[in-house]
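Read-outs throughout are calculated quantities, based only on the coordinates presented, and are distinct from any laboratory measurement. Just so it is clear, the model here is predicted, and its values are computed rather than measured. As a convention, Cβ positions derive from the backbone with ideal geometry for all residues, glycine included, and neighbour counts pool all protein chains shown.
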Amino acid sequence: MLNEPIPFDPSHDLDALAASGALGGNVALFKQPRGQDLLRRSAPLEEWCALRVRNGVWPYGRTLDGPPAPLATVEGDGLAAAQGINFASQDYLSLASHPAVIDAAMRALAECGPHSAGSAVLLGNSRHSNALERALGELLRCQQVVLFPTGWGAAFGAVTALVHGADHVLIDQLAHASLRQGAAAATRNVAAYRHLDCDHVRELLAGIRAIDGSGAILVITEGLFSMDADSPDLPLLQYLCREYGATLLVDVAHDLGAMGPGGTGAIGAQGMLGKIDIVMGAFSKTFASNGGFVACSQRSARRQLQLFAGPHMFSNALSPVQAATVLECLRIATGSEGERLRADLMRNAVELRALLLEEGMHCIGAPSPIVPLWTGSEAATRIAGMLLARAQVFVNPMEFPGVPLGAARLRLQLMARHSPAQVRQGARLLASAVRRASTAPRAVPRPAGQG
Ligand SMILES: Cc1ncc(COP(=O)(O)O)c(C=O)c1O
């Protein structure tokens, strides 16, 4: 049962909020604090965050009480515990609460205990993780699979293990931080190409090959971009890579399981199963667990990853409970129940976008579990996020460094088990919050930051 929506408090003093300074500034101003004292030189950052907390516009680091369900209890800095519609958790097929998944996790816990007790290279594997590697290899038609304790580690580990200083990386300008940081750590020869722009990729590949005929080139993209809900032309990117002797890596963190025929994501939807050089993913969006993987067809690359990807080699492996959880999620996602859950998820995505459009809102990207509701300015995003939390709708307001400066948005993440009533009520409250935020006063005195 849904509670009646709580109307926005008309007396909420948005003038005072604007005057407070809490709508101004951004994280970029504090990135490189100056001074010798590493522990104290971030004081201006702390002051700025505290100012936002005091004024109710710090939506980060909140706590979920219970599972990441469509209706969830959330509390945080300046936000008393409240139950509301949850568009802020990542559990696209609602598998985190699925009885068969919980049962699989409990059985693995009883059988193996809670801990992997070693890196994958040093006795951290279990029969559950071995089975998971095989299942992923079959689904993706890439038999050489390496598991990682986090998706972040899989992305960073893949790039840093395979690429070295004499090589090149071409990366979509909006690719996830884990991939960008991996590229920056692997080589200085990194170029960002315009988002989804294959002509730009071709131009950059040709430029590199004109001066370097022998170095390796890794081209990096995502199956579904996590802040923009759009996808690249994978056949064309893979074709360009072949033409210029480059290698393609596709991060399928957000689409594998949640989209595509049989849950095969953008790769399956574009007819590219088994044809992408390197597939990398995270389990944390659809498979109800931390963890990630890298898959390819070459045994030699698997060996390179096992021995040179730091987060695989030098970090404890996925626990048996995590591996069994993901394996059960994979079984459900690739079966007939998975098709039904994906249909429910997509119905929610199409419905939410249509309702927001009717209300005059602008969502970017295409229907998918991610619905980015455009706000543009950081100030409007902060106000909308605050108003929504007070109306018991939980969203993730995204600003730098999650997205570029001036491209702020509310990121809504849907689940298969969001009910039509929750989607309708959520859309109404989202639209009124964004409308109110877009006309609110924005005087933004510069905070006492640096830079
Ligand atoms: C595209 C992408 N890749 C990798 C990751 C990292 O995955 P995890 O959070 O599971 O470590 C994320 C998660 O935010 C992501 O969105």
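Observations, loosely collected:
- Additional length obtainable on full extension of the chain from Val121 to Glu337, 0.36 nm per residue less Cα span: 74.3 nm
- Loop GluC sites (Glu not before Pro), the stretch 260-367 (other Cβ atoms within 10 Å of the site Cβ: 15 or fewer; DSSP): Glu359
- Percentage relative contact order, the chain, counting C-alpha pairs under 8 Å, at least six apart: 24 percent
- Footprinting exposure proxy for Phe87, Phe148, Phe400 (fewest neighbouring C-beta atoms within 10 Å first): Phe400, Phe87, Phe148
- For the stretch 302-395, the set of chymotrypsin sites (Phe, Trp or Tyr not before Pro) satisfying both a DSSP loop assignment and a count of at most 16 other C-beta atoms within 10 Å is given as Phe314.
- Short-range pairs are left out: with C-alpha atoms under 8 Å and at least six residues apart, the relative contact order of the stretch 97-333 is 33 percent.
- Given charges at beta-carbon only (K, R positive; D, E negative), |dipole| of the stretch 97-333 in Debye: 640 debye
- A simple spin-label model places the labels of Arg54 and Glu75 2.3 nm from each other, with each point 7 Å out along Cα-to-Cβ.
- Here's the picture: charge each Lys and Arg Cβ at +1 and each Asp and Glu Cβ at -1 in the chain, and of Gly271, Gln425, Gln392 the one pushed furthest to the positive end of that dipole is Gly271.
- The stretch 343-398 versus the stretch 194-233: alpha-carbon centroid distance in Å: 29 Å
- Exposure proxy ranking, count of Cβ atoms within 10 Å, fewest first, for Leu414, Leu356, Leu236: Leu236, Leu356, Leu414
- Ile364 paired with Leu38, simple spin-label distance in nm, labels 7 Å along Cα-to-beta-carbon: 3.6 nm
- Taking the number of Cβ atoms within 10 Å of each Cβ as an exposure proxy, the fewest-first ranking of Tyr239, Tyr193 is Tyr239, Tyr193.
- About the centre of its Cα atoms, the chain shows a dipole size close to 440 debye [charges on the beta carbon of Lys, Arg (+1) and Asp, Glu (-1) only; nearest 20 debye].
- Of Val74, Pro367, Leu357, farthest towards positive along the dipole that unit charges on Lys, Arg, Asp, Glu beta carbons give the chain: Val74
- Rg and Dmax, both from the Cα atoms of the chain and both in Å, are 22.4, 66.
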